[in-house]
Structure formats: structure tokens, C-alpha cells
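Below: one structure, written as C-alpha cells.
The values are calculated or read from the model by the stated rules, or taken from the named source; none is laboratory data. Every value quoted in this text rests on a predicted model; they were computed, and no experiment measured them. Virtual Cβ from ideal backbone geometry, glycine too; neighbours counted across all protein chains shown. For the accessible areas, the whole protein counts, side chains as well, though only heavy atoms, and no ligand, DNA or RNA atoms are used. Shrake-Rupley method; radii C 1.70, N 1.55, O 1.52, S 1.80 Å.
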Amino acid sequence: MSSLVKEDLEKKLFKPLSQNLYEFIEIEFSVQDRYYLCVSVYVNEVFFCPTVTKNEEVKIVMVKHYRIGLDEKYEVTKKWSLNDLRMIDGKEADTDNPFFDLHFKKVYSLEAYSCASKYAFVRTVNKLNHAYLKKDLRIVNFDSTYLNDDSIWSSNNKDCLVLMRICFYAFNLVCLSLCPLPL
């Protein structure tokens, strides 16, 4: 389902704006409507364009999704440059929660659909920051094991690997709880 939404977002919203959609997550922003938080990169068709700088290429976009009849519609409600992002705060690194803050000039408190999608979003933002801006982006209150590509759990399908690692830890806890204690 998410790949269909991504294709639809790309076709109806990002391609007409000459942008490639790298990641999107569903966020809990309103009870009545669906919202997505997207990370996109401006596609520069010309090798040199004086109006576009590297700092303006990566955008974080909040998109409202609604339906008119049978047609899916998307509307950009907020747009930020990655260069303006000062910090991402995961709230609590030790708990499985979907809450996080994006610190621009103003702090935006958001709730992702799941903790795994929150980490997927932050991994993408971090990767694009290293590729395009190379600025010191503060990412706090996240488990760094799940953010870094150099860990043994890194893959293209990182959400499944996060879940696999959690299951691995849970299995170890169950095994340890079944072991008899020496007297």
C-alpha cells in the first residue's frame, strides 16, 4: 500500500515540481485528515543553474491527503529547507514511541504512524544531509544503532531489520528468564 501512495505522491505532487520523493511517513496530525511528512530533492535538469543552490535542494514537506469523489488529492501544507533544520529530537531513545520534534525557527512536535517509520524518516534525512549539505545536524534521543548505515543491521529494508532486532532481544530475554538460577 505504501508503495502505491508513494507512486501517487510522486506523480501528482513531486514530479510536476521537479522533485524526487525519497521518503515519506504518515503522521498523526489531524483526526479527520491524513498527513504525510515527505523528504524530497530538487531535480536539476541543467548542469548549472544559478537560481538553485545545494542548500535549497533538499526539502521537508508536510502534505495533506484528501479525497474528492474517487480522486486522490494532495496539498502541501508546510515546506522547509533541510538547511533550516537545526535538530531532530526523538523524545526518548529508550522507549518505543512515535513522537519526535523537528527544530526549525519554530519547534514542530509530530507523531509518526510508528516508531519504525520515525526512524526511517530520520535515517533518510541524515543520509541526504550527508550527501547534500554535510552540515552538523543534531539528532538527539534516538538509538544510534538504528540510524547508522555501518551497523550490521543496515539494509535497504531497515524497518524489517529494526523489527528483527527487537524480536532477537525479546527472544534472548525469554531464554534468559527460562534459565534456572544457581543456588
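Points to keep in mind about this one:
- Phi to ³J(HN,Hα) by Karplus 6.51 cos²θ - 1.76 cosθ + 1.60 over the range 13-22, Hz, x for Gly, Pro: 10, 8, 4, x, 8, 6, 10, 9, 7, 9
- Computed [θ] at 222 nm, helices only, for the chain once each DSSP H run of length n ≥ 4 contributes -39500 (n - 2.57): -7500 deg cm²/dmol
- Dipole of the chain [Lys/Arg +1, Asp/Glu -1 at C-beta], most positive-end residue of Ser2, Val43, Phe142: Val43
- Shape call, the range 52-112: gyration tensor on alpha carbons, a/c limit 1.5: oblate
- Heavy-atom accessible area, probed at 1.4 angstrom with all protein chains present, ranks Ser117, Ser3 as Ser3, Ser117, highest first.
- Expressed as a whole percent, the accessible area of the chain that falls on carbon and sulfur atoms is 56 (1.4 Å probe).
- Residues of the range 90-112 with amide N under 17 Å of a point placed 7 Å along Cα→Cβ from Lys135: 102-108
- Over the range 3-151, accessible surface divided per residue gives 56 Å², non-protein components excluded, 1.4 Å probe.
- Across the range 25-39, rounded Karplus estimates of 3J(HN,Hα) from the backbone phi angles (6.51 cos²θ - 1.76 cosθ + 1.60, θ = phi - 60°) give 9, 7, 10, 8, 10, 9, 6, 7, 10, 9, 10, 10, 9, 10, 10 Hz, Gly and Pro being marked x.
- Looking at the chain, the DSSP beta bridges with both ends there are about 90 percent antiparallel.
- With each label modelled as a point 7 angstrom along the Cα→C-beta vector, the Phe171-Asn20 pair spans 3.6 nm.
- Rounded to the nearest 10 Å², the accessible area of Tyr113 at probe 1.4 Å: 150
- Here the mean projected area of the convex hull built on the C-alpha positions of the range 3-151 is 9.9 nm².
- Dipole magnitude of the chain, debye to nearest 20 (Cβ charges: Lys/Arg +1, Asp/Glu -1, about Cα centre): 440
- Per-residue SASA entry for Met87, accessible area with 1.4 Å probe, Å² rounded to 10: 30
- Per-pair calculated FRET efficiency, R0 = 22 Å: Tyr66 and Lys105 via Cβ, rounded to 0.05: 0.20
- The chain: relative contact order as a whole-number percent, Cα under 8 Å and 6+ apart: 16
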